[in-house]
Amino acid sequence: MTSLPLQPLYQACSAEFEGRALRSLVLTTLVWGGALLASVPLISVLYMLITRGGARLSLEVFTELPPTGFETGGGFGNAMAGTFVMVGIAAAIAVPVGIMAAIFLAELGPDSKLANAARFAAKMLTGLPSILAGVFAYALVVMTTGTYSAPAGGVALAVLMLPIVVLTAEESMRMVPKIMKDAAYGMGCTRSQVIWKIVLPTGMPAILTGVMLAVARAAGETAPLLFTALFSNYWIFHDGSLAVMNPTASLAVLIYNFSGMPFDNQLELAWAASLVLVMIVLVVNIVSRIFGKPKY
């Protein structure tokens, strides 16, 4: 019995290994390069906002009203309050409606014609231009009540939030292991008990992620609020109560208004408000990733 020479075999294996190592290095470099390129816009925006808006941040800007052109100081406290109120109204509308719709799509009639139509409509709404949501809310609320208001802005933002909540909630419910539901049915649970005791608690982290992403989108919208809430230089709080049926300030519209002004003080406030708005959106996204980890 003769043995094969090892040298040619070693050389062939070595050449193949070197080729694989080279391909791995090239692909790794391309992946890291793509990740860095994707991060450049965000890093550039944050750098610009921090350098131009960070110096203007102080306690005063969170507690004062917007200044006129020739005034010094001032802030955007009313715009922050208005943003939180309108996003809260939008969430109060979109979250329960979206979760109920997702329950129907995922559990009650997933393959029905109504479910397919609703799913198609939700996917279409995700690409809806935000200004059209403002026009819809203007016709529905502003023309009915005769005034620009926070509820009108909330309705417009709810239209933009709803499809995100519906689609993410449906997907999270579909990810619940079937064996868990079958076990519950085997123990005698009804369909409603399975939904409320098994499906929703198990899918809740992913549902919360969708809700937070929807909130992040709504907080940064400008166009819908121009048609619905307009703007105000005054607080939304009046005599200890919420004066919601009046034009309401928001951070996005304040940035839009002040960014075109010729006065340095208002321009500085626009940069500071932009930084605050971006930080709010970043915090919301980070929180959604932390608390959005699935249980199973």
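What follows is calculated from the coordinates using simple rules that are stated; it is not laboratory data. None of these values were measured; they are calculated from a predicted model. When we count neighbours, we look across all protein chains shown, and the Cβ atoms used for this are built from the backbone with ideal geometry, even at glycine.
Pairs of alpha carbons in the stretch 183-296 separated by more than 22 Å make up 56% of all such pairs.
Please label the shape of the stretch 80-250 as rounded, prolate or oblate, based on the square roots a ≥ b ≥ c of the eigenvalues of the alpha-carbon gyration tensor (a/c under 1.5 means rounded; beyond that, a/b larger than b/c means prolate, else oblate). Because a/c hits 1.5 or more and a/b exceeds b/c, the stretch 80-250 counts as prolate.
Please label the shape of the chain as rounded, prolate or oblate, based on the square roots a ≥ b ≥ c of the eigenvalues of the alpha-carbon gyration tensor (a/c under 1.5 means rounded; beyond that, a/b larger than b/c means prolate, else oblate).
oblate
Hey, got the dipole for the chain? About the Cα centre, +1 on K and R Cβ, -1 on D and E Cβ, debye to the nearest 20?
Computed about the Cα centre, the dipole is about 1040 debye.
The phi torsions of the stretch 255-271, fed into the Karplus equation with coefficients 6.51, -1.76 and 1.60 and a -60° offset, translate into couplings of 4, 4, 6, 6, 5, x, 7, x, 9, 4, 4, 5, 5, 5, 5, 4, 5 Hz, rounded to whole numbers, with Gly and Pro shown as x. Dividing the helix sum by the residues of the chain, where each DSSP H run of 4 or more adds -39500 (n - 2.57), gives a mean residue ellipticity at 222 nm of -23000 deg cm²/dmol.
Length gained on full extension, residue 132 to residue 193, computed as 0.36 nm times the residue gap minus the Cα-Cα distance: 18.0 nm.
Taking a ≥ b ≥ c as the square roots of the eigenvalues of the Cα gyration tensor, the stretch 30-163 is oblate, since a/c reaches 1.5 or more and a/b is not larger than b/c. Distance between the modelled labels on residue 40 and residue 111, one decimal in nanometres: 4.9 nm (7 Å Cα→Cβ projection).
A protection proxy built from the mean count of other Cβ atoms within 10 Å ranks the segments 41-51, 126-136, 152-162, 84-94, most packed first, as 152-162, 84-94, 126-136, 41-51. Tell me, what is the Rg over Rh of the stretch 223-281, with Rh the Kirkwood radius over Cα pairs? We get a ratio of 1.01 for the stretch 223-281.
Among 196, 271, 32, the largest mean-square fluctuation in a Gaussian network model of the chain (Cα springs under 10 Å) belongs to 32. Under the simplified labelling scheme, the residue 63-residue 23 pair shows an inter-label distance of 6.5 nm, with each label point 7 Å from Cα along Cα→Cβ. Residues in the stretch 234-239 carry Karplus couplings, in order, of 10, 6, 7, 8, 9, 6 Hz; the curve used is 6.51 cos²θ - 1.76 cosθ + 1.60 with θ = phi - 60°, and Gly or Pro positions show x.
Remark: the stretch 215-227, residue by residue, has Karplus-estimated 3J(HN,Hα) of 5, 4, 5, 5, 5, x, 7, 10, 4, x, 6, 5, 8 Hz, where x stands for each Gly or Pro and the curve is 6.51 cos²θ - 1.76 cosθ + 1.60 at θ = phi - 60°.
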